[in-house]
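In what follows, a structure is listed as structure tokens, so that the remarks can point back to it.
The values are calculated or read from the model by the stated rules, or taken from the named source; none is laboratory data. Since the structure is predicted, the reported quantities are computational estimates derived from the model, not experimental observations. Here Cβ is always computed from backbone atoms with ideal geometry, including for glycine, and neighbour counts include all displayed protein chains.
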Amino acid sequence: MRKLTMAELGRKTVEECRQAEKLPVLVVLDQVRSMHNVGAVFRTADAFQIQAIWLCGYTPRPPHRDIHKTALGATETVAWQHHPDTVEAIRQLKQQGYEVWAVEQATHSRYLQDFQPDFSRPIAVVFGNEMHGVQEPVLQEVEGCLEIPQFGMKHSLNIAVSVGVVLWDLLVKYIRSPQGRASSFDLQTHRYIEDL
């Protein structure tokens, strides 16, 4: 065993990333406060080649050095928009045909592993503020809530960690779906990922 080189990883250029086929998933950040978290979400969004990030309310937006510190260039490869009001942003996404889900611990939430999207429509996932989560008015606009099961004392994950868990789960489910099997997302090209 040895670490792979950058050449073996097949890194894309900024332009290749912009032009590449996207996972039909969009991330909505609802009143996220930390620039470091926003930068980490950009970096994760780049890794999973999602469609875009919508930064809502007072969520910080590029350009800013604290975002760039953790994004490491991903603000150049991931499309993003700012929306002053999250509820209006969700309504706009639904008008565009998105199925919108919040990631939140709520009554009647669905555990992430039990969520089976059919990908006939693109999906938007809403992540909330570090302290207060997704705003109540936003919860009234979504299809439902997805919950990451947790067993420790805190029952709380950093938002950037939550985004990584959810996007990985959606990528695997997409690759296994009929739409994903017809896409350019091919884990077989990543020889170090086996048995998915």
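If Thr77 satisfies every condition in (1) in contact (Cβ under 8 Å) with a residue 60 or more places away in the chain; (2) polar (S, T, N, Q); (3) farther than 26 Å from Gln19 by Cα but one, which is the exception?
Status for Thr77: all satisfied but (3).
Which number in (1) surrounded by fewer than 21 Cβ atoms within 10 Å (Cβ to Cβ); (2) more than 19 Å from Tyr98 (Cβ to Cβ); (3) at pLDDT 95 or above; (4) of a type in the set (S, T, N, Q) marks the one condition that Gln51 misses?
Result: Gln51 passes all but (2).
Out of Arg18, Arg11, Arg61, Arg2, report the one residue that is out of contact with any Pro (no Cβ under 7 Å at 6 or more places or on another chain) and either touching a residue at least 40 places away in the same chain (Cβ under 8 Å) or part of a helix (DSSP H, G or I) (or both). Don't jump to the end; show me each part of the working.
Numbers: Arg11 fails: either touching a residue at least 40 places away in the same chain (Cβ under 8 Å) or part of a helix (DSSP H, G or I) (or both); Arg61 fails: either touching a residue at least 40 places away in the same chain (Cβ under 8 Å) or part of a helix (DSSP H, G or I) (or both); Arg2 fails: either touching a residue at least 40 places away in the same chain (Cβ under 8 Å) or part of a helix (DSSP H, G or I) (or both).
Only one candidate passes the filter, namely Arg18.
With the requirement that a residue be surrounded by fewer than 17 Cβ atoms within 10 Å (Cβ to Cβ) and among the hydrophobic types (A, V, I, L, M, F, W, C), what does the range 14-34 give you?
Within the range 14-34, Val14, Ala20 meet the criteria.
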